[in-house]
Each structure stands twice: as structure tokens, then as C-alpha cells.
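Presented below is the structure to which this report refers.
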Amino acid sequence: MNKLLQILTTLLFIFGLQQNLFGQNKPIHIKEKPVRYVSINTSACCNHCKDRLEFELIYTKGIMDASFNKQSERIAVKFKTKKITEEKIREIISELGYDADEVKAGILSLNKLEAYCKSIGTDLANNK
């Protein structure tokens, strides 16, 4: 009788364990973080500017990717909307010494640029 009780108890335990492990068909919910893309016109002009912009932006909290196109003078930025705003991205770009759409680079920021970048950026700004 004890042997039969042990077998039944073991079977019930295994059946219960099986139901707990494999019987739950709950859907898995993956929270997607809101992500946006923005393309910003800049006064950046060369590979040095490209490297500087991309490096600074990629290592900014909330920015997932940044890619500068020399021909169009635009930088495409992929960012998390809960961490950073478009306006803040433009401010960061202007603090690096480049115009960012309507946000102009300040004089102190321009002093951080290489001489070549300053002259090209100033010429472009005067011609626009």
C-alpha cells in the first residue's frame, strides 16, 4: 500500500510540475521603446566634422545612431524619445560649433573648431 501511495504521489508531482512548466501559454509582451528619426541640416563640411559630430552624438544618452552625409550636409539621428528631445540634439550640435537647422552655433563654440572647418563653415553661412 505504501508503495502504491508513493507511486501515485510521484505521478501527481510530475504531472503538476509538467503543467506549471509547459502548460502556460501566456503571450510574451516586449515593451518597445519609442524611437524617432530626425534629419538635421548642419554647417559641418568635412570628414573631421563628420567624425566629431557622430562620435559626440553616438555617446550621448538616448541617441542610438547618428550618420552624417557630407554631400547633403545633413545628419540623421535615431533617438529614444523618453531620453532626449530633438531640441536637445540641436543644442548639442550647436555646442559643438555647428549650425543645427535654425539653431546657430555660438561664437565660443566656433572657437572649438579646426581652422579649416571655421573658414568653410563661415563661407557657407555667408553664402546661404
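The residues of region 55-76 that are among the polar types (S, T, N, Q) and under 17 Å from C45 (Cβ atoms), listed by number, are S67, N69, Q71, S72.
From the set of residues in region 74-128 that are among the polar types (S, T, N, Q) and over 19 Å from P34 (Cβ atoms), which is modelled with the highest pLDDT? Restricting to residues being among the polar types (S, T, N, Q) and over 19 Å from P34 (Cβ atoms), the top hit is S94. Here is a check on your reading of the model: is H29 under 13 Å from C117 (Cβ atoms), modelled with pLDDT under 95 and not β-branched (V, I, T)? Taking the combined requirement at face value, the residue does not satisfy it. Number of residues in region 49-86 that are touching a strand residue (DSSP E or B) at 6+ places or on another chain (Cβ under 7 Å), among the β-branched types (V, I, T) and either surrounded by 15 or more Cβ atoms within 10 Å (Cβ to Cβ) or under 23 Å from K112 (Cα atoms) (or both): the value is 5.
The values are calculated or read from the model by the stated rules, or taken from the named source; none is laboratory data. In this text, all values refer to a predicted model and were calculated from it rather than measured experimentally. Please note: Cβ atoms are built from the backbone with ideal geometry, for glycine as well, and neighbour counts cover all protein chains shown.
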